[in-house]
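Peer 1: To start, I am sharing the structure in question, which I have written as structure tokens.
Any read-out appearing in this document is the output of simple, stated calculations on the displayed coordinates, not a laboratory observation. On a predicted model such as this, the values are computed, not experimentally measured, just so you know. In this analysis, Cβ positions are derived from the backbone assuming ideal geometry, glycine residues included, and neighbour counts consider all displayed protein chains.
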Amino acid sequence: MSMSDLPSAIGPTAEETRLKLVELIANGSLSAGQRLGSERALAATLGVSRSTLRQALAVLEDSDAVRRIPGRGGGTFVSAQKIERDLSRIVGVPAYLRDQGITAGSRVISAAVLAADDETAAALGLASDALVYDIVRIRLADGAPISLERARFPADRFPGLLELPLGGSVYELLEQEYSVTPHEALERIEVVPAGADEGSILGVPAGAPLLSVTRTTEDAAGARIEFSHDLFRADRTRIVVRTPGRAGVTGSARTRGNIIELRASSR
């Protein structure tokens, strides 16, 4: 459903104002992150009263088209595009950003060889002293941070991985360099508050909600090839799941409080 299709309980003049603002956002005249200016100036530009404008903005805020920030430096801003993360298929971040017309980017924070800790060893089915590659990256969408990810891979399975360019999709590297394709992933999702460091990296205040995604990925033979933990900005991310009919079910989804477990398979 598009913003223009949303039902509205406001009067006809306010509805016309809302649709005009929707049109300005859709055609790029009002861009993501842009401050709309004072109510007085915007009402004058649109030729409506301030009370009519407030009604239209309230509906737009409810639909996440705009966001209001109180205080001296606040105002009404055009919301950034929501990024859809489809958990029904296994692809790297660059691929699903490209599919949505968004420019993908990465900053590699660190890449190292470490001895697996107990959690990583258990997740990957490794001995406690096994070596893993530890890769930490910030993912960018149109130049803005969208997620902080930490991924670990068994070092003996992928020799030389850290010598390859790590700014794109590691899944694509695994396929190109090692002929390994992710086949199935178990993902656990929960909402967590941002710490001070995480908030600084992702451009959100400490305590802001983040989507925490813990993933274990297997290849076609059932061998575990990745254990990762990603933190996504909740205000920029929408989770999408495509549910197949009975004949296509490959796993189950269960809800426990605010934790969701999903299995995705390659197609």
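Peer 1: Along the stretch 195-202, what does the Karplus equation 6.51 cos²θ - 1.76 cosθ + 1.60 (θ = phi - 60°) give for ³J(HN,Hα), rounded to whole Hz, x for Gly and Pro?
Peer 2: 3J(HN,Hα) across the stretch 195-202, in whole Hz: x, 4, 5, 5, x, 4, 5, 8.
Peer 1: First check a/c for the stretch 19-144, with a ≥ b ≥ c the square roots of the eigenvalues of its C-alpha gyration tensor; if it is under 1.5, answer rounded, and if not, answer prolate when a/b is larger than b/c or oblate otherwise.
Peer 2: Values: a/c = 3.42, a/b = 2.91, b/c = 1.17.
Cα axes put the stretch 19-144 in the prolate bin.
Peer 1: With θ taken as phi - 60° and the coefficients 6.51, -1.76 and 1.60, list the Karplus ³J(HN,Hα) couplings across the stretch 214-231 in order, rounded to whole Hz; mark glycine and proline as x.
Peer 2: With coefficients 6.51, -1.76 and 1.60, one gets 9, 10, 10, 10, 10, 8, 5, 8, x, 7, 7, 10, 8, 10, 9, 9, 10, 10 Hz.
Peer 1: Given charges of +1 on the Cβ of Lys and Arg and -1 on the Cβ of Asp and Glu, with all other atoms neutral, how large is the dipole of the chain about its Cα centre, in debye to the nearest 20?
Peer 2: Dipole about the Cα centre, nearest 20: 1060 debye.
Peer 1: Once you place label points 7 Å from the Cα toward the Cβ at residue 107 and residue 190, how far apart are they in nm?
Peer 2: Each label point lies 7 Å from its Cα, and together they span 2.8 nm.
Peer 1: Listing 109, 135 from the residue with the fewest other Cβ atoms within 10 Å to the one with the most, what is the order?
Peer 2: On the way: 109 13, 135 20.
Fewest-to-most Cβ neighbours within 10 Å comes out as 109, 135.
Peer 1: Once phi is turned into ³J(HN,Hα) by the Karplus curve 6.51 cos²θ - 1.76 cosθ + 1.60 with θ = phi - 60°, what whole-Hz value does each residue of the stretch 131-136 show in order, with x for glycine and proline?
Peer 2: 8, 10, 7, 10, 10, 10
Peer 1: Could you pull out every residue, at least 5 positions away or on a different chain, whose amide H is within less than 5 Å of the one on residue 146? Hs are placed 1.01 Å off N in the peptide plane, and Pro or chain starts have none.
Peer 2: 139, 140, 141
Peer 1: Under a point spin-label approximation (7 Å from Cα along Cα-to-Cβ), what is the residue 177-residue 243 distance to one decimal in nm?
Peer 2: Result for the modelled spin labels: 4.0 nm.
Peer 1: Largest first and in whole Å, give the semi-axes of the chain's equivalent ellipsoid, each being the square root of 5 times a Cα gyration tensor eigenvalue. Please report the intermediate quantities before stating the final value.
Peer 2: Details: eigenvalues 348, 81, 53 Å².
With the √(5λ) rule applied to the chain, the semi-axes are 42, 20, 16 Å.
Peer 1: Out of residues 5 or more away from residue 109 or on other chains, whose amide H comes under 5 Å of its own, with H placed 1.01 Å from N in the peptide plane?
Peer 2: Distant-sequence amide H within range of residue 109: 136, 137, 138.
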